[in-house]
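These notes concern the structure reproduced below.
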Amino acid sequence: MWGDDMRREKQAEASAGEAVTLRLSPFHINGVGPSYTMKLAICGIETIGELLGFDNLEGLSQESTIPISALENMRVRARAMVENRAIQIRPFTLPKGDRLYLDIETTLQERIVWMIGFMADNRFQQLYADDYDDEKLILDVFSSLLEKHSDRVLVTWSDFDRRVLCERMRHHRVYRGHLVGMINLDLRRKVRDSFVFPTRGYGLKSIGSFLGYPFKNTDLNGLKAAIEYQKHVETLNQLDNRFFKYNEDDVRVLPFIEKWALNQKQHERDQVRTYVHRERLPEAP
């Protein structure tokens with residue numbers, strides 16, 4: 001009885017949440033900015049529910065001057081919001097091979113790398129520069145460690161990490177051949193191309209949290225880490241240990257997301273028109 005009551009309560013909450021979402025403006029859809037919102041409103045579509053219920057997309061495209069591919073994209077994103085689930089729109093394929101998961105922390109200016117977190121075979125390691133002058137040291141160590149991992153696929157949430165590491169290695173004349181030669185898997189791009197999430201964007205915390213990864217410090221982000229590190233360098237006060245855990249989470253969440261995506265059953269993926277994602281919606285300003 002108690003379990004039945006809990007299920008009914010959750011179903012009621014889900015229905016209430018769906019009703020609220022249907023009444024929201026299309027502006028709340030990820031990637032829909034003021035321009036598209038206004039064009040839809042002129043055509044009489046002022047809510048997500050009205051957008052999902054509109055049948056004649058070709059006519060709406062002509063009247064609003066919004067490309068039909070963009071309208072289809074909006075509707076898929078809207079449906080993900082209403083149903084509060086990730087919708088698969090194309091197969092999720094990845095390069096084969098052993099993985100090296102990576103995340104770095106940098107300063108706000110000059111992009112000095114002060115922490116490198118990486119994991120291979122479920123073994124997490126971290127390199128930390130206690131001062132700006134220690135950056136070359138951790139880059140040298142990381143370059144040496146890459147020698148035995150150079151045949152692995154480098155997995156990051158975006159190409160930012162690999163690109164910045166290459167730039168800083170070049171700056172310090174540290175050997176970067178192993179890093180340059182590795183296959184780099186930009187997991188964010190792969191996930192974004194295959195799935196539509198009900199989140200506002202495709203940030204690592206947003207996607208990881210939605211999928212249930214247990215982040216230890218949900219209040220931290222890259223900006224806060226950079227600011228606190230700068231304070232540490234200026235005051236010589238010890239850096240809060242939470243930032244080390246924050247970096248570790250950003251590494252460990254990568255295989256968590258990868259595993260989730262690979263486990264989605266292809267025969268259950270949503271069949272949407274082939275032009276969905278052919279023309280990407282611009283990110284909302």
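Read-outs: derived from the displayed coordinates by stated rules, not from any lab. Note that the coordinates shown come from a computational prediction; the quantities given were computed from them, not determined experimentally. A quick note on method: Cβ atoms are made from the backbone with ideal geometry, for glycine too, and the neighbour counts reach across all protein chains shown.
Candidates are the residues of the range 38-77 that are surrounded by 18 or more Cβ atoms within 10 Å (Cβ to Cβ) and polar (S, T, N, Q); the one that is nearest to Pro198 (Cα to Cα) is Asn73.
If you check Arg123 against the conditions, is it surrounded by fewer than 16 Cβ atoms within 10 Å (Cβ to Cβ), within 18 Å of Val155 (Cβ to Cβ) and not small (Gly, Ala, Ser)? Criteria met by Arg123. Filtering Asp249, Asp193 for residues that are over 14 Å from Trp114 (Cβ atoms) and in contact with a Pro (Cβ under 9 Å, 6 or more places away or on another chain) leaves a single hit, Asp249. Residues that are of a type in the set (Ser, Thr, Tyr) and in contact with a strand residue (DSSP E or B) (Cβ under 6 Å, 6 or more places away or on another chain) within the range 221-251 comprise just one, Tyr229. Within the range 106-120, restricting attention to residues that are in a loop (DSSP other than H, G, I, E, B) and touching a residue at least 40 places away in the same chain (Cβ under 8 Å), the residue that is surrounded by the most Cβ atoms within 10 Å (Cβ to Cβ) is Ile112.
With a requirement of 2 or more residues that are in contact (Cβ under 8 Å) with a residue 40 or more places away in the chain, the helices (runs of 4 or more DSSP H) lying completely within the range 160-241 that satisfy it span 160-172, 187-194, 204-210, 222-235. Selection of the range 77-98 for residues being touching a Leu at 6+ places or on another chain (Cβ under 8 Å), closer than 18 Å to Leu154 by Cα and not aromatic (Phe, Trp, Tyr) yields Leu94, Pro95.
What number of residues within the range 33-64 satisfy the criterion of being out of contact with any helix residue (DSSP H, G or I) (no Cβ under 6 Å at 6 or more places or on another chain), under 18 Å from Val20 (Cβ atoms) and outside any loop (DSSP other than H, G, I, E, B)? Here the count works out to 2.
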